[in-house]
1. Take the Cβ-Cβ distance between LEU283 and ALA79 as r, set R0 to 35 Å, and report the resulting FRET efficiency rounded to the nearest 0.05.
2. Give the order of CYS80, CYS314 when sorted by the count of other beta carbons within 10 angstrom, beginning with the fewest.
3. Through the Karplus equation 6.51 cos²θ - 1.76 cosθ + 1.60, θ set to phi - 60°, convert the phi angles of segment 380-386 into ³J(HN,Hα) values in whole Hz; use x for Gly and Pro.
4. For the charge dipole of segment 351-500, defined by +1 on Lys and Arg C-beta atoms and -1 on Asp and Glu C-beta atoms about the Cα centroid, which residue among ILE497, LEU462, PHE415 has the Cα displaced farthest towards the positive pole?
5. Quick test of the membrane-span-like rule: which DSSP H helices of the chain reach at least 18 Å along their long axis (C-alpha atoms) with mean Kyte hydropathy at least -0.5?
6. Please find the FRET efficiency linking SER411 to GLU355, where r is the Cβ-Cβ separation and R0 is fixed at 41 Å, and quote it to the nearest 0.05.
7. Sort THR186, THR290 so the one with the fewest other Cβ atoms within 10 Å of its own Cβ comes first.
8. With Cβ to Cβ distances under 15 Å as the rule, what net charge do the other residues near ILE393 carry (K, R +1; D, E -1)?
Amino acid sequence: MDLGNGKNVAQLVVMQPSLSSGQQSSCASKSGKGKSNCGSAAGQGDLSPEVWEKVKNHPCYSEEAHHHYARMHVAVAPACNIQCNYCNRKYDCSNESRPGVVSERLTPEQAARKVIAVASSIPQMTVLGIAGPGDPLANPDKTFKTFELVTQTAPDIKLCLSTNGLMLPDYIDQIQALNIDHVTITINMIDPEIGAKIYPWIYYNKKRHEGLEAAKILSERQLLGLEMLTARGILCKVNSVMIPGVNDLHLVEVNKAVKSRGAFLHNIMPLISAPEHGTVFGLNGTRGPTAQELKALQDSCEGEMNMMRHCRQCRADAVGLLGEDRSNEFTTEKVMEMDVHYDLAIRQAYQEHVEKQRAEVVVARNAELETLAGNRSNISILIAVATKGSGRINEHFGHAKEFQVYEVNTSGVKFVGHRRVDNYCQGGFGEEERLETVVRAIKDCVAVFMSRIGHCPREGLLKAGIEPVDRFALEFIEQTAITYFREYLESVQRGEIEHIQRGDAAIRQGALTI
Ligand code: CLF
Ligand code: SF4
């Protein structure tokens with residue numbers, strides 16, 4: 001099938017480095033393990049068909065989908081109506097974005113053209129989000145106009161909105177009328193005393209409010225907006241920034257409050273804080289959480305409610321799979337020069353191909369899980385993985401800019417987070433300093449999987465007590481993580497190795513560029 005740009009579906013498959021030609025070609029019958037889950041379980045589980053349809057290829061609402069499907073953001077919303085102490089207006093919105101200046105602000109017309117250009121080139125791009133760089137609902141005309149224009153040309157693209165929630169109750173009708181099925185609200189507190197430490201002021205009803213009063217209004221509006229959306233069947237995700245010493249303990253209460261109001265997913269993200277960002281928290285030395293502090297809080301909130309653990313705190317103009325950014329390929333200048341041709345059939349054909357690959361991952365994992373049947377142990381390990389996506393181990397150690405972290409025990413395998421690093425290999429040479437940052441980021445892991453690794457970093461990892469594993473190159477992550485765990489457990493049970501509780505690891509806090 002021709003894409004109109006000289007490429008066909010087969011060529012697009014080859015263009016995606018992470019999409020191998022399918023070493024295993026059986027099809028999944030069913031996936032999922034009962035409970036509706038946005039953790040590692042793939043498949044519909046006990047979600048209704050209607051909800052499954054909304055989440056199945058949304059990379060943020062389904063952890064499993066994020067290995068296969070991409071999102072894009074368009075930066076059409078520059079203004080904001082509140083001030084968060086973790087935000088510097090010169091940078092992207094920290095609700096949804098890492099601190100990095102947005103390259104370009106777009107008009108709705110420019111944004112719509114960009115979306116169509118990306119959708120034509122990246123057929124697994126399934127979601128358009130508007131997340132800043134300010135607040136989308138502080139810029140309602142630009143936000144809704146952009147969604148309207150995109151829907152006219154590309155009705156298959158899911159629409160997604162992320163807001164601080166202050167103006168949300170006023171726009172519920174418009175959100176529903178435009179079929180915006182996914183709304184994220186950033187809720188960092190339900191107690192104004194805590195809110196006053198996070199928000200110095202808000203601008204509401206043509207007036208600036210400060211301190212407790214500001215936090216009270218914001219909290220009431222956020223919770224009201226959440227209730228109104230869920231009453232209409234719109235899927236809501238709640239983002240919370242974990243700020244140690246300010247709201248970390250309180251977020252368990254926030255979790256209960258949003259769960260009781262029907263939120264579908266809770267995404268607790270680490271505070272990104274460094275003096276160079278010029279934020280209040282960055283300048284007053286408020287630190288972000290460690291990897292294990294974040295995981296412990298996420299674990300404690302994980303009950304019936306799904307916790308998101310794969311958020312990349314992406315920029316307001318990010319394009320691509322979560323964790324990658326292809327926005328440089330789609331600058332306004334480049335988009336204007338592109339011969340844009342939107343073909344729904346091509347996109348659907350490509351996505352069918354992705355679905356087959358996705359099913360293979362699940363079948364392989366479930367078959368491997370059977371080999372652990374009857375084996376009960378309290379041992380649980382973390383494994384870091386270098387991957388470019390598609391659920392495979394397909395990244396060279398030296399090229400990895402992040403490692404995905406999986407927890408494995410006799411109950412199964414679960415994605416529990418990711419760690420950003422400086423890639424070890426620089427122009428063909430490894431850098432010792434960079435290896436140290438990698439080790440700091442994954443030192444709570446027993447092993448790290450990669451497609452290839454050089455001699456020096458291999459030795460360095462071994463010295464740090466982390467086993468480098470390249471024997472599973474190009475194979476499925478979850479399946480091989482279970483294989484590795486089974487072998488590890490057998491070695492422990494035979495007394496050949498001793499299982500040692502690992503230490504904590506660092507979440508990278510510096511300025512990020514993706
Ligand atoms: Fe964008 Fe947000 Fe929609 Fe996703 S991002 S508006 S829900 S399409 Fe996703 Fe990025 Fe995390 Fe946001 S990884 S920052 S949760
Ligand atoms: Fe910054 Fe977003 Fe907070 Fe507004 S809502 S102050 S843009 S982090």
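1. Details: r = 23 Å, r/R0 = 0.67.
E between LEU283 and ALA79, to the nearest 0.05, is 0.90.
2. Details: CYS80 23, CYS314 27.
Listing CYS80, CYS314 from fewest to most nearby Cβ atoms yields CYS80, CYS314.
3. 9, 10, 10, 10, 8, 9, 8
4. With unit charges placed on the Cβ atoms, the residue in question is PHE415.
5. On the way: long enough: 108-121 (20 Å, 0.11); 140-153 (20 Å, -0.65); 211-231 (30 Å, 0.47); 344-370 (39 Å, -0.57); 477-493 (24 Å, -0.31).
TM-like helix candidates: 108-121, 211-231, 477-493.
6. On the way: r = 27 Å, r/R0 = 0.65.
Computed FRET efficiency for SER411 and GLU355 comes out at 0.95.
7. Details: THR186 24, THR290 17.
Going from sparsest to densest Cβ surroundings: THR290, THR186.
8. -3
None of the figures in this text is laboratory data; all of them are computed from the coordinates on show. Please read these numbers as outputs of a predicted model, since none were measured by experiment. Cβ atoms come from the backbone with ideal geometry, glycine included; neighbour counts cover every protein chain shown.
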